[in-house]
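To keep things clear, I will list the structure first and then write my remarks on it.
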Amino acid sequence: MKHLPNIITALRIVGSIGLLFCNVAGWQFWTLYVFCGISDMVDGWLARRLHAESKSGSILDSIADLSFVVCCAIKLLPALSIPSWLWIWAGIIVIIKIVNQISSLIIFKKFYLPHTIANKLTGFLLFLTVPLISWCIIPIAIVAIIATFAAIQEGNYIGTRREII
């Protein structure tokens, strides 16, 4: 039972890769999308509930999160009409996160992927708002604000050498 959260996380990685083989307009894509999003919320909750939290589970969760984001980006970005200012903003967030990881490698000699409330909120809201982006840009702009804060907070944690799980 203690391995259940990691099994769910591993299934999110498989589901994320499965997205690459689905048509964005098809029900299979959106079924996997919802499964991956919900599994992201369930695995951490379940790990805490079962007292099965672990460093390896945290790393696996970060890998699953990255897999989901990358696979969604590969499939959704070509299909979405996104204004250029939002592309620039997203690029700035990515640059901040890359600088954070380079700093982490220098300071900690490892990647540092904190599961802060701001990072969790960004992921949750991104999951909810991506399907709405073709109807209204405002929700995704709000997510961009939170994601910017999360990236800056992450850099602050690295700069102050704060260890968190």
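The values are calculated or read from the model by the stated rules, or taken from the named source; none is laboratory data. Bear in mind that the values here come from a model prediction, so they are computed numbers and not experimental data. FYI the Cβ positions are ideal-geometry reconstructions off the backbone, even for glycines, and counts take in every protein chain you see.
Just a few scattered comments:
- Selection status of I152, over 23 Å from Y33 (Cα atoms) and touching a residue at least 24 places away in the same chain (Cβ under 8 Å): yes
- Checking each residue of segment 144-153 against the condition of being touching a Gly at 6+ places or on another chain (Cβ under 7 Å) and either surrounded by 17 or more Cβ atoms within 10 Å (Cβ to Cβ) or assigned by TED's automatic domain parsing to the domain that holds I63 (or both) gives no match.
- Count of segment 108-125 residues, restricted to those that are exposed (fewer than 15 other Cβ atoms within 10 Å of the Cβ) and part of a helix (DSSP H, G or I), is 2.
- A single member of A52, A73 is free of Cβ contacts under 8 Å to residues at least 60 places away in the same chain, assigned by TED's automatic domain parsing to the domain that holds I13 and not in a helix (DSSP H, G or I), and it is A52.
- Within the set L128, L105, the sole residue that is within 19 Å of C36 (Cα to Cα), outside the structural domain of V34 (by TED's automatic domain parsing) and surrounded by 11 or more Cβ atoms within 10 Å (Cβ to Cβ) turns out to be L128.
- Only a single criterion out of (1) at pLDDT 90 or above; (2) under 23 Å from F124 (Cβ atoms) is not satisfied by H51, namely (2).
- Qualifying residue in segment 2-22 (condition: loosely packed, with under 12 Cβ neighbours inside 10 Å, of a type in the set (S, T, N, Q) and within 19 Å of P131 (Cβ to Cβ)): no
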